[in-house]
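What follows is a short report on a single structure.
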Amino acid sequence: AAEAVAGAPEALAAAVLAGGRDPGEWLQAGAAPALLLGAPGCPRAARALAELVSGADAGALEALGVGFFAELREASSRPDVPVEARAQMLLVAGRVLEKLPDEASVVLQTTSQTVAASLSSASEPELREAALAAAVAAGPRRALFSAFRRLGGPQALLTSGPLPLTLLASLLRHWEATSGGQQEVKDFFAADVFPHLRSGVAWRAVAILAAAVASGTRLAQWCLDQKGEMRLALQSAPGEPDAQAALADFLVHACSSQAGLALLEDPETHGAVTRLLQDSSGPALRASVVVVLAKAASAAGPAAAVDDSSLPLVEEALHLLGERGFLEGLGGANSTDRALLHRKVEALAFLMRRLDARELLCDALEVDGGALDWELIASKCVEDAGAAFGLAMALERFLASAEEDEHVELLTGALDEDEQQRAALQKYAQGGTAPDVDDTAERAMRRRLVFVKERGGRALACLTKDASEAVKGLLARCAFSLAAHQECRPELVQQGLLKMAHSVMAHGAPEERAMLARHALARTLISVDPHLLSESHVHNAVQPLVSLARGDYLLQQLEATLALTNLAVMGGEVQDRIMAGGSAARFDELMWCDNHDVQVAAAELLANCALSDPVLKLLQEPGRLRVWLGLASDTSNFRLCRAAATAVASVCGTEPLSRLVVEDGGVEVLVALAQSGEAELQVRGIGGMALLTSEYSQQLEDGGCWDVLETCRTRGPPGVRDAAARAQAHMNQ
């Protein structure tokens, strides 16, 4: 079949690329030599050959014989063959090297020479990149690197045009992994790369150094240990675009470790890098410089004072992020601009670790409202996992404060944390003050209000799209910090915080992250009018809040209970959801904890849900109602008394609890409430009397209810007068 179409490689290539037949069958039929024969004049035949080789096993490839691979070597080096076809043939050679076992030494040697020759001599960018990709696919093959060195490949790396950093780094990794490769690579750097730093085209050496430090191998650390050479590379003057790109890569990768950042401690080196921001460097290099300087500033620790020292870095990081045209122009194919976005966001993430930078950004946003469209920035960052993480990290630090960081650590800590940490949280929940730190609560609140004013909540919601686990964790912390301020909460609801909180706590989220998201939900719903929320938002919030209230910490218990109390005003269905599954007993337990605020919150929640079946059953337990009547009698503890009075008044219209109220002395309690002089308590006492049916009219009369109602109607404040008049009319009827 192959021989029949040998003169028409297009037809054979189309048949192979159409699929539907095992690659081994094509190879057995002789398709590989036929495609190779047609490849010089038909790039599509070369692609089909690469497709066959990719799908074939090692045995089928070795069966092609040394002659085939010798012809492949010759065809890939012929200058009259189109570059695209030669590049495809090099990829074929790389895949062969990847698949064949070491025992196939003759074939390996022949194919290695094919790749190595192109590595050392190819002038076209496509061929150099294809040869490098083939070398990387080959892995640490001794035959490849023997041919590579013999043909002058290492020296060719210093004379060829720019090569992709990732492929070059992989090549160095594989070279180092060969037998004796570690020393060979070091010798190459010592004899060729380092001296090249002092030449007129130092950027070529800088590019190879960038690949070395990006490789993550022993070679990377060895290079960083050559401090003099590293400083020389950092101080190299960029000129043409290739030189700027090489220096940008080197800066970012060399300074990604403490050893690299330590190089900037040298004033001369730091000055040389800083001057790159002042010179007319290209945007890619400037973005890399600001990342490096931001890392150095972050590693130096917090600023001694809030001043303008970080202003140039903040301004450079924000450059382009505030340009709508740049952001809207980002597309899938625009890799250069996407790399710029990545660098800008990365720089911002490091800068936001410093208080002075956070304050400078806040100042800029206050002065120029709308300077940053956070939602648009987030929508572009979600298309790149690294950029999304960088933006989430930057926003988490911008919104955080020392006080909130401490709370997060305590709230997400292990359950067996030491008593000192527990005491700190107890102190906070009981109104204690936060430690005296530079990043005060007032500063943090200013930043958060500015962020919400700029519709930053929409950016957080946007970042949840296909978010990694790490990004979701950062978003949970952002939501927790933002919801701490009542002024932010209504806007946050409009900007999608509720949906975002549910998103980051869903689908088996780690407990620490889910707990922070629940807590953010609780904080938001404490003061937002639930009537403004959709029914699904209200219903979906109940279970996370109940789970939070079951936690061991006072702050969780308090804010979850307050939020549920707010939702309970939505009526019986919501109240039943809140108290289902043993929750009534849990909130009853909280009424007897050591913290008065939690006691009151639990009592108010039970009172608001008093007519739900679980609470009604709870109050019917022997002696339980008597306890609530006792709380309602103690007007010296006003908040607890008011909550208990609400519960007692509510159940006066429900049998058998109305009977229990009368039997346990409830009429006297209602009368005392109506005579208390506190309008809120009076209204509740009057309401309870009105709900008791005519069956208990004698007890009401004996208790002096009629006289008390008349006094309230004629002498009470307006709200009490109206309540008493309605009660009299109802009871007379």
Between residue 699 and residue 680, what is the label-point separation in nm under the 7 Å Cα-to-beta-carbon projection? 2.7 nm
Nitroxide proxy distance, nm - points 7 Å out along Cα→Cβ at residue 534 and residue 585: 3.6 nm
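Cα-Cα pairs above 26 Å in the range 558-710: how many percent?
Numbers: 2419 of 11628 pairs.
When all Cα pairs of the range 558-710 are counted, 21 percent exceed 26 Å.
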Within the set of other residues whose C-beta is less than 9 Å from the C-beta of residue 721, count the net charge using Lys and Arg as +1 and Asp and Glu as -1. +1
Using a 1.4 Å probe, how large is the accessible area of residue 187, given in Å² and rounded to the nearest 10? 80 Å²
Pairs of lysines 8 or more apart, or on different chains, with alpha carbons under 26 Å: count those in the chain, would you? 18
Quick check: residue separation of residue 442 and residue 14 times 0.36 nm, minus the Cα distance between them. What number comes out in nm? 147.1 nm
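Calculated from DSSP H runs of 4 or more alone, at -39500 (n - 2.57) each and per residue, what is the 222 nm mean residue ellipticity of the chain, nearest 500?
One gets -21500 deg cm²/dmol as the mean residue ellipticity at 222 nm.
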The FRET efficiency for residue 486 and residue 626, from their Cβ-Cβ distance with R0 = 41 Å and rounded to 0.05, is 0.65
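Multiplying the sequence separation of residue 468 and residue 275 by 0.36 nm and subtracting their Cα-Cα distance, what value in nm do you get?
Values: separation 193, 0.36 × 193 = 69.48 nm, distance 3.67 nm.
Here the answer is 65.8 nm.
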How high is the relative contact order of the range 1-103, in percent, counting Cα pairs under 8 Å that sit 6 or more residues apart? 28 percent
If the viscosity is 0.890 mPa s and the temperature 25 °C, what translational diffusion coefficient in µm²/s does Stokes-Einstein give for the range 183-291 when Rh comes from Kirkwood over Cα pairs? 180 µm²/s
Rounded to 10°, Cα long-axis angle of helix 718-732 versus longest principal axis of the chain: 60 degrees
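To the nearest 0.05, how large is the calculated FRET efficiency for residue 592 and residue 733 if R₀ is 41 Å and r is the Cβ-Cβ distance? Don't jump to the answer; show the numbers that get you there.
Numbers: r = 41 Å, r/R0 = 0.99.
E between residue 592 and residue 733, to the nearest 0.05, is 0.50.
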Over the range 478-574, equivalent-ellipsoid semi-axes from the Cα gyration tensor in Å: 18, 15, 13
Express the relative contact order of the chain as a whole percentage, based on alpha carbon pairs under 8 Å and six or more residues apart in sequence. 5 percent
With +1 on the Cβ of every Lys and Arg and -1 on the Cβ of every Asp and Glu, and nothing else charged, how large is the dipole of the chain about its Cα centre, in debye rounded to the nearest 20? 1400 debye
In Å, the Kirkwood estimate of hydrodynamic radius for the range 466-523 over Cα pairs equals 11.0 Å
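Please work out the Cα convex hull volume for the range 146-228 and give it in Å³ per residue.
Working: hull volume 7.2 nm³, N = 83.
Given the Cα convex hull of the range 146-228, per-residue volume reads 86 Å³.
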List the residues whose amide H sits under 5 Å from the amide H of residue 610, counting only those 5 or more places along or on another chain, with H placed 1.01 Å from N in the peptide plane. none
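How large is the dipole of the range 172-230 about the Cα centre if only Lys and Arg carry +1 and Asp and Glu carry -1, each at its Cβ, rounded to the nearest 20 debye?
Details: 6 positive and 6 negative charges, 29 e Å.
I would put it at about 140 debye.
Pulled fully out, how much extra length does the chain show between residue 225 and residue 385, if you take 0.36 nm times their separation in residues and subtract their Cα-Cα distance?
Values: separation 160, 0.36 × 160 = 57.60 nm, distance 3.15 nm.
Length gained, residue 225 through residue 385: 54.4 nm.
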Quick one: putting +1 on the C-beta of Lys and Arg, -1 on the C-beta of Asp and Glu, what dipole do you get for the range 27-130 around its Cα centre, in Debye to the nearest 20? 180 debye
Residues of the chain: accessible area per residue with a 1.4 Å probe, Å²: 42 Å²
Consider just the alpha-carbon atoms of the range 1-73 and return their Rg together with their Dmax, both in angstrom. 10.9, 29
Unit charges at the beta carbon, dipole of the chain: most positive-side option, 244, 220, 497: 244
The ³J(HN,Hα) series, computed from each phi in the range 443-457 with the Karplus coefficients 6.51, -1.76 and 1.60 at θ = phi - 60°, rounded to the nearest Hz and given as x for glycine or proline, is 5, 4, 5, 4, 5, 5, 5, 5, 4, 5, 4, 8, 6, x, x
Let's test the formula: R0 of 41 Å, r as the Cβ-Cβ distance of residue 78 and residue 506. What FRET efficiency results, to the nearest 0.05? 0.10
In the range 181-259, the trypsin sites (Lys or Arg not before Pro) that fall in loop regions by DSSP, at most 15 other Cβ within 10 Å: 198
Can you tell me the Rg and the Dmax, both Å, for the Cα atoms in the chain? 37.1, 118
Could you check how much of the accessible area of the chain is carbon and sulfur, as a whole percent, using a 1.4 Å probe? 50 percent
Shape parameters for the range 316-366, alpha-carbon atoms, Rg then Dmax in Å: 12.3, 37
In whole Hz, what ³J(HN,Hα) sequence does the range 180-188 give by Karplus (6.51, -1.76, 1.60; θ = phi - 60°), x for Gly and Pro? x, x, 4, 6, 4, 5, 4, 4, 4
Of the trypsin sites (Lys or Arg not before Pro) in the range 1-110, which ones lie in a loop per DSSP and count no more than 15 other C-beta atoms within 10 Å? 21
Taking θ as phi - 60°, what are the ³J(HN,Hα) couplings along the range 230-240 by the Karplus curve (6.51, -1.76, 1.60), each to the nearest whole Hz, with x for Gly and Pro? 5, 5, 4, 5, 5, 8, 5, 7, x, x, 5
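Compute the signed sum of charges (Lys and Arg +1, Asp and Glu -1) over the other residues within less than 13 Å, Cβ to Cβ, of residue 562.
On the way: positive: 489, 523, 639; negative: 559, 597, 604.
Around residue 562, the charge tally is 0.
The values are calculated or read from the model by the stated rules, or taken from the named source; none is laboratory data. These numbers come from a predicted model, not from an experiment. Because the Cβ atoms are built from the backbone with ideal geometry, glycine has one as well, and the counts that use them run over all protein chains shown. With ligands, DNA and RNA removed, areas are computed over all heavy atoms of the protein, side chains included. Shrake-Rupley method; radii C 1.70, N 1.55, O 1.52, S 1.80 Å.
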